[in-house]
1. Take the alpha carbon atoms of region 69-123, find their radius of gyration, then divide it by 2.2 N^0.38 Å using N residues; give the quotient.
2. Find me the longest stretch of the chain that has none of the exposed trypsin sites (Lys or Arg not before Pro), where exposed means in a DSSP loop (not H, G, I, E or B) with at most 15 other Cβ atoms within 10 Å.
3. Could I have the simple spin-label model distance between residue 214 and residue 64, label points 7 Å from Cα toward Cβ, reported in nm to one decimal?
4. Cross-link list 31/119; 23/118; 23/119; 30/154; 31/190: which exceed 25 angstrom alpha carbon to alpha carbon?
5. With contacts defined as alpha carbon pairs under 8 Å and 6 or more residues apart, what's the relative contact order of the chain in percent?
6. Using DSSP to call loops (not H, G, I, E or B), can you name the chymotrypsin sites (Phe, Trp or Tyr not before Pro) in region 138-239 whose Cβ has at most 15 other Cβ atoms within 10 angstrom?
7. Sorted from largest to smallest, which semi-axis lengths in Å does the alpha carbon gyration tensor of region 88-239 give for its equivalent ellipsoid, taking the root of 5 times each eigenvalue?
8. Can you tell me how much longer the chain between residue 11 and residue 42 gets when fully stretched, taken as 0.36 nm per residue apart minus their C-alpha distance, in nm with one decimal?
Amino acid sequence: MDFDLSDDQRLLKDSVDRLIADKYAFEARKKIMAEPGGWSREMWAQFAELGLLGLPFAEAHGGFGGGPVETMLVMEAFGRGLVLEPFLATVILGGGLIQAAGSAEQQKALLPQIAQGKKVIAFAQVERSSRYNLADVQTSAKKDGSGWVLNGEKSVVIAGDSADTLIVTARTAGGRFDRAGIGLFLVDAKAAGVSIQGYPTQDGTHAAEIRFDNVRAADVLGDPAGGLAAAEAVMDQAI
């Protein structure tokens, strides 16, 4: 088995390593931490220009069709620089969920916006009592006409205070720990009834506590009762 990097992978590694070395020195990182939301929109635009924000997406969606090795190379460089921008939240988790559960129309509409740096996404999954159990979802989604209305709270939402769009796990059926009956809902972060309280975390990135009071979801990704499998798959791949 050949573990050597391809020419394209080495080029990717060199360019990302050089960017982080040039732009993410200690003092530069401190200045970035002081920006609104704790990260740099200028850096985000550079990531988009280099193709990093569309790295795992298909070319048809403005991406480069990269796989786990390419993602690993980027994340290694970002880890060395303690990068603050919401790459994990938006590209890996948000984009991954849209790829895994979204329709062709949703992928066409959303993934190019991520790749171009025009949309920040946060995955609102954790609840105060849920800990490691992804099936422990008490936030509810009730059918209302042709749409869904959400009520509940989410905790430690990575980049939740910077997101344009939230992907929210909410229960459409079943009891608190049931694996069935959990959907993935797209919610405009500025929608009526959404309350967001952001804060810095120990590593300097940001998270948020988010409350949903009769919030109308913009859309649902896939089966409104079968979103847990997609969430588990994307989070396993991210790890």
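1. 1.18
2. 1-117
3. About 4.8 nm separates the two model spin labels.
4. 30/154; 31/190
5. Averaging sequence separation for qualifying contacts and normalising by length gives 18 percent for the chain.
6. For chymotrypsin sites (Phe, Trp or Tyr not before Pro) across region 138-239 that sit outside H, G, I, E and B with at most 15 neighbouring Cβ atoms in 10 Å, the list reads 177.
7. 20, 18, 16
8. 8.9 nm
No lab work stands behind these numbers, since they all come straight from the coordinates. None of the values given here were measured: they were computed from a predicted structure. When we count neighbours, we look across all protein chains shown, and the Cβ atoms used for this are built from the backbone with ideal geometry, even at glycine.
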